[in-house]
Ligand SMILES: C[S@@+](CC[C@H](N)C(=O)[O-])C[C@H]1O[C@@H](n2cnc3c(N)ncnc32)[C@H](O)[C@@H]1O
């Protein structure tokens, strides 16, 4: 007997994390990998946290950097009700059609042997001491875009992070997310968050001194056409600004586009620092120095 199954067909099991729908692009994938690998390479041990995972695109990459003894907690509403009307509207507009916890779990398990700790609830459920204070080394905030929620998520991350932990804030400048922008810059100006760097999508920050990390990021070698690096000073804060696809510059050796492998960051090269110095010079001086470098190279050849 033939029976007809009227349930919608499940999407194919992803072969690469890039097959998982989401909003997590190569430049940020590489920065996440670089920062998480660096933490491990310098002996920074701690738990990992993501608020807002959707179908798992960013969680899959973060989970790859989990070391023995570290926990990875993700928090998402998935198919549960939102805590208020504005959040419910956001969920209906952007996620409800495609998002289920089962779909997240299926995607995650295509790349990992076990699931992270899943908190299926509003991120406010993480406030208080649900996460041990100071236990985390890395937190990605990418859940609700509403000001009140994001401001709370930042405080939750701050309490959960160790002194030298890193927080990443998604959508800190998108036209449709002014609440995230407000909460982000409020954290910088009023709550001691120190920006490390920006990409078009995300602000990376810490409550520690970002100087060492910024120095290492400045010295990354790679493809100048693939990744632009600028420096801004914002009310005394140095902020590195990355843009472009960024593939080569931020790619620690041994990292593949699908995020496999966890090689330690390669030692700082000289050429990116030199390029940066060139970028900081006024254009006419820059052109003169570039001409000088070119003729020195030609003389050597
Ligand atoms: C932009 S998506 C996350 C994208 C994901 N990080 C990625 O890179 O693909 C935002 C997620 O936050 C969740 N979310 C929205 N409001 C939330 C809330 N108040 N508490 C917990 N999760 C929430 C949504 O269900 C959705 O999965």
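Nothing in this text is a laboratory measurement; each read-out follows from the coordinates by a stated rule. Note that this is a predicted model, so its numbers are computed, not measured. Counting neighbours? That spans all protein chains shown, and the Cβs are built from the backbone with ideal geometry, glycine included.
Counting beta carbons within 10 Å around each of 45, 65, 237 and listing the fewest first gives the order 45, 237, 65. Within region 21-266, antiparallel bridges make up roughly 45 percent of the DSSP beta bridges whose residues both belong there. Take the Cα of residue 101, step 7 Å toward its Cβ, do the same at residue 212, and the gap between the two points is 4.0 nm. With the highest mean first, a sort of the peptides 47-58, 31-42, 104-115 on other beta-carbon atoms found within 10 angstrom per residue produces 47-58, 31-42, 104-115.
Taking the Cβ-Cβ separation of residue 238 and residue 71 as r and a Förster radius of 35 Å, what is the calculated FRET efficiency to the nearest 0.05?
Efficiency, from the Cβ-Cβ distance: 0.60.
Between the C-alpha center of region 92-129 and that of region 29-76 there is a gap of 15 Å.
Shape index of region 41-113: Rg/Rh, with Rg the Cα radius of gyration and Rh the Kirkwood radius from the inverse mean 1/r over Cα pairs, equals 1.05. Relative contact order of region 21-266, taken over Cα pairs closer than 8 Å and 6 or more residues apart, is 20 percent.
With a 10 Å Cβ neighbour count serving as the proxy for reagent exposure, in which order, fewest first, do 145, 191 appear?
191, 145
Would you please classify the overall shape of region 21-266 from the alpha carbon gyration tensor, given that a ≥ b ≥ c denote the square roots of the eigenvalues, rounded means a/c under 1.5, and beyond that prolate means a/b larger than b/c while oblate covers the rest? Judged from the Cα gyration tensor, region 21-266 comes out rounded (a/c under 1.5).
How many percent of Cα pairs in region 91-154 exceed 14 Å? Value for region 91-154 (Cα pairs over 14 Å): 70 percent. Measuring nothing but how far apart in sequence close Cα pairs (under 8 Å, 6+ apart) lie, relative to its length, region 1-151 scores a relative contact order of 30 percent.
When peptides 94-101, 21-28 are ranked by their average number of other Cβ atoms within 10 Å per residue, the highest-first order is 21-28, 94-101. Working from label points 7 Å from Cα in the Cα-to-Cβ sense, the residue 182 to residue 10 distance is 4.1 nm.
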